[in-house]
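Engineer: I have a structure I would like to understand better, so I am pasting it below and will then ask my questions one at a time.
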Amino acid sequence: MHYNKPSRITFANLCYLQLVVADGCGPALLQWQKLPKMKIKEQNLITQADLDLSADLVKLFEPMFDLTPEVSKDDQPVIGDVILWIDSLQGHFDRILGVD
């Protein structure tokens, strides 16, 4: 995966990067956790539903990751920039969620 590292790492960006890694390793995680030496209780096992949720969260966090460099500059953004960023982010969420 290639991406432009944002100038500041936010909590959302950190979650996004961790989810991308988990998403890419999903099938291996499903197999690894079932190894007898892991001794993971059944109620703690990762399921395909968990991996599906992770993939959905990647789609949700991706716009924030992509927009971080636009608002995380050395100087503080002016309020107009923040409003435009929020409008852009809302548009991404509406598109992801299928809102017209």
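Engineer: Could you check, for region 81-90, whether at least one of its residues is open to solvent by less than 50 Å² (accessible area, probe 1.4 Å) and at pLDDT 85 or above?
Structural biologist: No, every residue in region 81-90 fails to be open to solvent by less than 50 Å² (accessible area, probe 1.4 Å) and at pLDDT 85 or above.
Engineer: I'm trying to understand the selection: among the residues of region 5-25, which are open to solvent by 30 Å² or more (accessible area, probe 1.4 Å) and modelled with pLDDT under 75?
Structural biologist: Within region 5-25, Lys5, Ser7, Arg8, Ile9, Thr10, Phe11 qualify.
Engineer: In this structure, does Leu30 turn out to be on the phi < 0 side of the Ramachandran plot, hydrophobic (A, V, I, L, M, F, W, C), modelled with pLDDT of 90 or more and more than 19 Å from the chain's Cα centre (by Cα)?
Structural biologist: yes
Let's see how each residue does on (1) over 30 Å from Phe93 (Cα atoms); (2) of a type outside the set (D, E, K, R); (3) touching a Ser or Thr at 6+ places or on another chain (Cβ under 6 Å):
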| position | (1), (2), (3) |
| --- | --- |
| Val20 | no, yes, no |
| Gln31 | yes, yes, no |
| Lys41 | yes, no, no |
| Asp50 | no, no, no |
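Engineer: Does region 33-60 hold any residues that are open to solvent by 60 Å² or more (accessible area, probe 1.4 Å) and outside any loop (DSSP other than H, G, I, E, B), and which are they?
Structural biologist: Within region 33-60, Pro36, Lys37, Glu42, Gln43, Asn44, Gln48, Ala49, Asp50, Asp52, Leu53, Asp56, Lys59 meet the criteria.
The values are calculated or read from the model by the stated rules, or taken from the named source; none is laboratory data. Everything numeric in this text was worked out from a predicted model, so none of it was measured. Every residue, glycine as well, gets a Cβ built from its backbone with ideal geometry; the counts of neighbours run over all protein chains shown. Please note that ligands, DNA and RNA were not included when accessible areas were found on the heavy atoms of the full protein model with its side chains. Shrake-Rupley method; radii C 1.70, N 1.55, O 1.52, S 1.80 Å.
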